[in-house]
Amino acid sequence: MNHSLPVPDALRSALAGLLDGLPPSQTAGAVDRLISHYRGVVPTHAPVLRDRSDVAAYAAYRMPATFEAVRSALDAFRDATGPWTPATHTDIGGGTGAASWAVAEAWEDADTPVATTVLDWAEPALAIGRELAEASGLPGLRTARWERARIGSALTLGNCDLVTVSYVLNELTPDDRRTLVDAAAAAATGAVVIVEPGTPDGYARIIEARDRLIAAGLRVAAPCPHSAACPIEPGTDWCHFSARVSRSSLHRQVKGGSLAYEDEKFSYVAATLPQAFKEQGGTPITPEPAPARVIRRPQIRKGQVLLDLCTAEEQLRRETVSKRHGALYRAARDAEWGDPWPPHSTQSPS
C-alpha cells in the first residue's frame with residue numbers, strides 16, 4: 001500500500017481488503033456474537049477470537065473504534081510529554097494491532113520507527129494483524145513482531161519504553177487484571193497507556209489500574225491533571241471521553257448502521273516514569289499534565305461557554321468563560337470534550 005494515505009484511511013483500506021470475498025451473513029453473525037462478548041464477561045481460558053472469520057468480523061467491527069480511542073489517548077499523552085519518543089513498544093493483548101497502528105501514527109515522523117511487539121493468545125488475530133500491518137505502509141508496523149502469549153498471571157514481559165493495554169482488562173479475572181497491570185508497570189521504562197470502554201465498569205477498571213500504577217511509582221500524565229485520588233464520588237458519575245469514528249460503507253454494512261460516523265466512548269489512563277524521560281540526545285524532559293481537563297462536552301450559550309473541568313487542585317469545577325475574556329472565550333468556543341484547559345496560548349480568567 002502507498003502510505004501517502006492518512007493512517008485512518010490506510011486502516012480502512014486494509015480492512016476492506018481483508019473482508020473482500022467473505023459472505024456478509026457470515027461476517028454479520030460473527031459480529032453479533034462478538035457484541036455479546038464485548039458487553040459481557042469473558043473468562044481467561046476462552047479467547048474471544050476463535051478463527052479467521054471471527055478475526056475478520058472483529059477487525060471490521062472494533063478496530064477503527066479502538067484505533068481512534070487509543071489515538072485520542074496518545075494525543076493527550078504526547079501533549080504532556082512533548083518531544084519524548086519511545087524506541088520500543090509492547091502492545092499487550094493487541095489482537096489485530098489497533099493500538100499499534102495508533103502508536104505507529106503518533107510517532108511516524110520519528111527518525112527511527114518505534115519497534116513494536118504485539119502479544120496476544122489468539123493466533124488467528126496475530127496472523128491477520130500481520131497481514132494488515134504489511135498492508136499499512138507504515139515502517140513501524142511492517143517490522144513489528146507478533147508473538148503468541150497467554151494474557152494473564154503467567155505473562156512474562158521484557159522491558160520496553162512504552163506499554164499499551166487497550167480493551168483487554170474486561171476479558172480478565174480481577175486477579176489477572178491486577179497482575180497484568182503490575183507487570184506492565186514493572187516492564188515499562190517510560191510509560192503505560194491503558195484504555196477501556198467508556199462505561200461505569202470500564203472507568204472502574206481504569207481507576208483500579210491507575211491506583212496500581214501510582215503505587216508502583218508512576219505518575220499520571222493524562223487525562224488527570226494530578227496523581228491524587230479521583231475527585232469523582234464513586235457511584236455518582238464516571239470519567240470518560242469520546243472519539244469520532246468515520247465509517248466506510250463496508251463498515252456500515254458490517255455494523256448495520258446508516259450514519260457515516262459513530263462516537264466511541266472510552267476511559268483511559270496514561271502514566272509515566274518521569275525520571276526516564278529524555279529527548280533523543282539525552283536532554284531531560286519533565287512530563288507536564290494539563291492544568292485542567294474538560295471532562296464533559298462544553299455547553300455553548302449566548303455570549304458564554306460552560307466548561308466542566310477536573311483541575312490540578314484535585315477538584316471538579318465548572319468554569320464560565322464569557323466574551324469579556326477575549327482570546328480565552330474564543331478558545332473556549334473551540335474547546336472539545338477531553339481537551340486540556342486552558343490552551344497553551346491563553347491564560348485562565350481571573
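At R0 = 22 Å, how high is the FRET efficiency between ASP182 and ASP237 if r is their beta carbon distance? Nearest 0.05 is fine. Calculated value: 0.20.
Take SER227, project a point 7 Å from its Cα along the Cβ direction, then tell me which residues of segment 168-194 have their backbone nitrogen under 18 Å from it. Under 18 Å, as judged by backbone N against the label point of SER227, lie 181-194 of segment 168-194.
Suppose R0 equals 30 Å; then what is the FRET efficiency for GLU123 and ALA215 from their Cβ-Cβ distance, rounded to the nearest 0.05? Provide the component values of the computation, followed by the final result.
Working: r = 34 Å, r/R0 = 1.15.
E(calc), rounded to 0.05, equals 0.30.
At 0.36 nm per residue, minus the direct Cα-Cα distance, what do ASP109 and ALA204 gain on full extension? Give it in nm, one decimal, please.
Working: separation 95, 0.36 × 95 = 34.20 nm, distance 3.50 nm.
Gain on extension, ASP109 to ALA204, equals 30.7 nm.
Calculate what fraction, in whole %, of the accessible area of segment 91-213 sits on carbon and sulfur atoms when a 1.4 Å probe is rolled over the protein chains. The computed percentage sits at 46.
Spatially, segment 315-343 and segment 121-155 are offset by 41 Å when compared through their Cα centroids.
Residue separation times 0.36 nm, minus the C-alpha to C-alpha distance between SER153 and THR320: what's the value? Could you put the intermediate results ahead of the total?
Values: separation 167, 0.36 × 167 = 60.12 nm, distance 4.73 nm.
Length gained, SER153 through THR320: 55.4 nm.
Taking all protein chains into account, the per residue accessible area for segment 100-236 stands at 38 Å² (1.4 Å probe). Taking all protein chains together, LYS302, LYS265 sort by accessible area into LYS302, LYS265, largest first [probe 1.4 Å].
The values are calculated or read from the model by the stated rules, or taken from the named source; none is laboratory data. Note that the structure is predicted; figures quoted are calculated from it, not measured. Neighbour counts run over all protein chains shown; Cβ positions are idealised from the backbone, glycine included. Areas reflect the complete protein model, heavy atoms only, side chains present, ligands, DNA and RNA absent. Shrake-Rupley method; radii C 1.70, N 1.55, O 1.52, S 1.80 Å.
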